[in-house]
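As structure tokens, the structure follows; a few thoughts come after it.
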Amino acid sequence: MILRRLTEHVRTQNWFAVGLDFFIVVVGVFLGIQLGNWNEARALRAQEQSYLAVLHEELVENASRSARLLTYYTTVTEAAERALAFTKSGQNCGTDCEDLLIDFFHASQLWTVTFDQTAFREAVALGFPSDQELREQLFVTYDLTTSFGVINQDPPAVRETIREYLEPDAARILWQGCWRLDVDTVTEHLIRGCKDELKSVDTAGILKALQDDPQLASMLRFWLSQNILAIQNYPVVRDRTMRTAEMVAARIEAVR
């Protein structure tokens, strides 16, 4: 319709009308482009919000995982310290045989948990977050989780050594009553619910054999050193990750 009108105005040499028609066309094209840009920007903001929401969940879960690892390896460390003290003492277990065997069992535990980076990698690959400062903070946080995520990924020698001395009946009791897996959160728990049942096995004999192993004390010391490092740094990872999660939550609100 505009083209027909423009042709008519040119034929009649109505130059004012011709200029007006051109103006209308140019403005229409401009507004169409702007509308497309606005729609694209709105879609991009919605996409960024979606990815940031998943990233926030990942950070919160990683912080929670750090807290669970701290609890777990604190138990392992305390048990290993008591096991080492008994190994070096040269004394028999007396009335503490069941508790000490549980300590050795807990000292041999390894929970190989890694920190998820899936959402972070996907978001960064798409250019999210668009805020440069937040991107830099995320890289620092995930570099930190990568560094400390490799702690305690390989079974220590003390794990195999301790378990070599466990008779099948004792091992069965220990696994059934002094270790538990929460399948909903995929979390291992070191508990002490098997003490009474251990009275049915020769705990004193097992502990004497462990105590007589000439390499066990050095293995325990190495494992203790590894876990002292772990429990010192898991709080750092936990707190840093939660702060970053809060920054992501603030960014989600900002781009609404």
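Each value in this text was obtained by applying a stated rule to the coordinates, not by laboratory testing. No experiment lies behind these values; they were computed from the predicted model shown. Here the Cβ is made from the backbone with ideal geometry for all residues, glycine too, and neighbour counts use every protein chain on show.
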Of all residues in region 102-138, count the ones that are surrounded by 20 or more Cβ atoms within 10 Å (Cβ to Cβ) and acidic (Asp, Glu).
1
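Restricting region 69-101 to residues that are outside any helix (DSSP H, G or I) and in contact (Cβ under 8 Å) with a residue 60 or more places away in the chain, which is surrounded by the most Cβ atoms within 10 Å (Cβ to Cβ)? Spell out the reasoning first.
Just the residues of region 69-101 that are outside any helix (DSSP H, G or I), to begin with: 90-96.
When the remaining residues are screened for being in contact (Cβ under 8 Å) with a residue 60 or more places away in the chain, the result is 90, 92-93.
On the way: 90: 7, 92: 12, 93: 20.
In this case the residue turns out to be 93.
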Do we find that residue 146 is of a type in the set (S, T, N, Q), closer than 25 Å to residue 120 by Cα and in a helix (DSSP H, G or I) in this structure?
yes
Checking residue 170 against (1) touching a Cys at 6+ places or on another chain (Cβ under 8 Å); (2) aliphatic (A, V, I, L, M); (3) under 20 Å from residue 95 (Cα atoms); (4) in contact (Cβ under 8 Å) with a residue 24 or more places away in the chain, which test does it fail?
(1)
Being over 19 Å from residue 157 (Cα atoms), assigned to a helix (DSSP H, G or I) and either under 26 Å from the mean Cα position of the chain (by Cα) or not aromatic (Phe, Trp, Tyr) (or both), is that true of even one residue in region 102-113?
no
Those residues of region 190-204 which are surrounded by 14 or more Cβ atoms within 10 Å (Cβ to Cβ) and either of a type in the set (S, T, N, Q) or out of contact with any Ser or Thr (no Cβ under 8 Å at 6 or more places or on another chain) (or both), in sequence order:
192, 194, 195, 197, 198, 201, 202, 203, 204
